[in-house]
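The values are calculated or read from the model by the stated rules, or taken from the named source; none is laboratory data. What you see is a predicted model; the values in this text were computed from it and never measured. Counting neighbours? That spans all protein chains shown, and the Cβs are built from the backbone with ideal geometry, glycine included.
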């Protein structure tokens, strides 16, 4: 059985897709990547100020769900992905 490794671009596209479908101003969604020394990758999500609450959700539920989806999508990858909402 051949193992598939999800590349970081796929994770960025995933976070971008989720965020753009949650906010009122999808043109202001920006997703960037930062590599860490320990091999993990930080995915930074930036949205319009008015849309911040929609991405975070009540008590952080939406943000937690986004992080859970990214973690699940990267299960076969050896890279740890961290989603930060800025």
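When you scan region 23-62, how many residues do you find that are within 19 Å of residue 73 (Cα to Cα), out of contact with any strand residue (DSSP E or B) (no Cβ under 9 Å at 6 or more places or on another chain) and surrounded by 11 or more Cβ atoms within 10 Å (Cβ to Cβ)?
1
Would you mention how many residues in region 56-72 are at pLDDT below 95 and farther than 17 Å from residue 42 by Cβ?
Counting residues in region 56-72 that are at pLDDT below 95 and farther than 17 Å from residue 42 by Cβ gives 1.
Out of the residues in region 1-51 meeting the condition of being assigned to a loop (DSSP other than H, G, I, E, B) and under 16 Å from residue 82 (Cβ atoms), tell me which one is modelled with the lowest pLDDT. Show your work before the answer.
Start the filter on region 1-51 by keeping residues that are assigned to a loop (DSSP other than H, G, I, E, B), which leaves 1-7, 23-25, 29, 36-40, 47-48.
Keeping just the survivors that are under 16 Å from residue 82 (Cβ atoms) gives 6, 36-40.
Working: 6: 47, 36: 93, 37: 92, 38: 92, 39: 89, 40: 92.
Among those residues, the one meeting the criterion is 6.
Taking residue 77 as the residue in question, decide whether it is modelled with pLDDT of 95 or more, more than 14 Å from the chain's Cα centre (by Cα) and either on the phi < 0 side of the Ramachandran plot or surrounded by fewer than 17 Cβ atoms within 10 Å (Cβ to Cβ) (or both). Steps first, please.
Numbers: modelled with pLDDT of 95 or more: no; more than 14 Å from the chain's Cα centre (by Cα): yes; either on the phi < 0 side of the Ramachandran plot or surrounded by fewer than 17 Cβ atoms within 10 Å (Cβ to Cβ) (or both): yes.
Taking the combined requirement at face value, the residue does not satisfy it.
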